[in-house]
Amino acid sequence: MELWYTEEQTENVRLSLKVKNHLFTGQSDFQKVDVFETFEYGKLMTLDGLVMVTEKDEFIYHDMIVHVAMAVNPEIKNVLVIGGGDGGTVRELMRYNHIEKADMVEIDKMVCDVARDFFPTISGDLDNPRVNLTYEDGVAFMKGKENVYDLIIIDSTDPVGPGEGLFTTEFYTDCFNALTENGILVNQNESPVYEQFAKEAIRANAKLRKIFPIVEVYSAAIPTYPSGFWLFGFASKKYHPVIDLKAEAWNNFGIKTKYYNTDLHKGAFALPTYVKEYIANGTV
Ligand code: SAM
């Protein structure tokens, strides 16, 4: 009998992946965690039935949520990751020897434990001595922080359930205060293709624009995410992501990446007209 995993991306669109084995299922205090062995994408982790990470295409998401900011300010030393339980974001950060510390605040310990057990190529730096991993709500963690981080990465689930609070004006304002004067915030910013995701993307972007002097959006092609066309937000106190790109400095780091490069960096901020209009008009 054939086994298929299916995600309902919208009420009219589904993604189905052929499955070899259903390796793990568990219910945490926050969400349902499952791991599947798929034929095409290797191991897949889902939270509440939604794709979070696959072995085959995780490099795209993790390259783009980390290296873009690192190429704009190559002197980043103190980083905060909110979410990121699979460990892919801290893995990419730890490739920079000059990063002194990365605080990681993940609400759900089960996600990290499952990542350690089933995704060793992604989760290996969860226990890196430069990574300070705590299991708590990122919304509460941000309260009262002032001028601490050079970079904050919001590697969260969608704005539902535990992730909802990570897309609010109050949270973004707390992040702004927690950043140093050269601080940069990067968030996963949903997709512009399907209306429900596009509305979330534009709402989050509009909130950031009220708080940060520089806010831009960039994109990447992530096959297993809804529509395969995903957005990231870049909010900054000082540096513009394209004008202030330090391509030579970044290339001199000699970090080999499978998706990100400094040419793609510029292209990623060149958005399709309809997306530019969504953002400019603040409506879908
Ligand atoms: N790449 C994925 C995506 O775009 O959907 C996100 C991956 S990462 C696994 C998302 C993590 O955010 C999950 O492990 C989830 O538990 C965590 N998370 C959700 N809400 C959170 C909160 N309020 N504070 C901290 N972590 C949170």
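Tabulated data for the structure shown
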read-out: Residues of segment 75-99 classified as within 15 Å of the ligand (Cβ to nearest atom) and part of a loop (DSSP other than H, G, I, E, B), total; value: 4
read-out: Residue among Val68, Val33, Val72 that alone is touching a Pro at 6+ places or on another chain (Cβ under 6 Å), modelled with pLDDT of 95 or more and buried (at least 20 other Cβ atoms within 10 Å of the Cβ); value: Val72
read-out: Residues of segment 75-91 classified as open to solvent by 10 Å² or more (accessible area, probe 1.4 Å) and either of a type in the set (A, V, I, L, M, F, W, C) or free of Cβ contacts under 8 Å to residues at least 40 places away in the same chain (or both), total; value: 1
read-out: Subset tally (residues that are more than 13 Å from the ligand (Cβ to nearest atom) and either within 13 Å of Phe119 (Cβ to Cβ) or crowded, with 16+ Cβ neighbours inside 10 Å (or both)) for segment 36-65; value: 8
read-out: Index of the failed condition, Asp125 passing every other in (1) in contact with a Leu (Cβ under 9 Å, 6 or more places away or on another chain); (2) open to solvent by less than 10 Å² (accessible area, probe 1.4 Å); (3) assigned to a loop (DSSP other than H, G, I, E, B); (4) of a type outside the set (Gly, Ala, Ser); value: (2)
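The values are calculated or read from the model by the stated rules, or taken from the named source; none is laboratory data. Because the structure is a prediction, the values reported are computed rather than measured. Glycine also receives a Cβ, built like all others from the backbone with ideal geometry; neighbour counts cover every protein chain displayed. In case anyone asks, the SASA skips ligands and DNA or RNA and just uses the protein heavy atoms, side chains included. Shrake-Rupley method; radii C 1.70, N 1.55, O 1.52, S 1.80 Å.
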